[in-house]
Amino acid sequence: PALTQAAVPRVLLTGATGYVGGRLLHQLEVAGVGVRCLTRRPGALRATASTTTAQRGDVMDPVAVRAALDGIDVAYYLVHSMGSTGSFAGEDRAYVEQVAEVQARSRVAVVCRAIVGKLQVERVQGPT
């Protein structure tokens, strides 16, 4: 069911072109949530709602992350580097630390991170 306009958070979604992120994007769109997707490949985004926008950027670029978080209430971090040639665990840790550092200075209340392999979501409280 759609949310009332007063209850609709503005959401940032990273990883929206991936398997889990794409499905979350669809569910957010069905619920009427405005979604901004930070993606390196805007053309690969499968958005179906006019309330969804793509913002080109990379989670390792603090300027892009800061710009993407502007005006956002909740952020979902669903990025992984399992397809990389290096140590994906080390790369993932660096990505998460980069986003967490920028988020800590933003007004985003909550960041939800998917922990790949554990199939759980961790809530990370931001500033109050």
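Taken together, the values in this text are just the output of simple stated rules run on the coordinates, not laboratory data. Please read these numbers as outputs of a predicted model, since none were measured by experiment. Using ideal geometry, Cβ is built from the backbone for each residue, glycine included, and neighbour counts are taken over all protein chains shown.
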In terms of the Cα gyration tensor, with a ≥ b ≥ c the square roots of its eigenvalues, is region 29-78 rounded because a/c is under 1.5, prolate because a/b exceeds b/c, or oblate? oblate
Set the Förster radius R0 to 30 Å, insert the Cβ-Cβ distance between residue 10 and residue 97 as r into 1/(1 + (r/R0)^6), and round the FRET efficiency to 0.05. 0.80
Amide H within-cut-off set for residue 36, under 5 Å, with H built and near neighbours excluded: 11, 12, 13, 53
Using a simple spin-label model with points 7 Å from Cα along the Cα→Cβ vector, what separation in nm is obtained for residue 50 and residue 73? 2.1 nm
Length gained when the stretch residue 41-residue 63 is fully extended (0.36 nm per residue, less Cα-Cα span): 6.2 nm
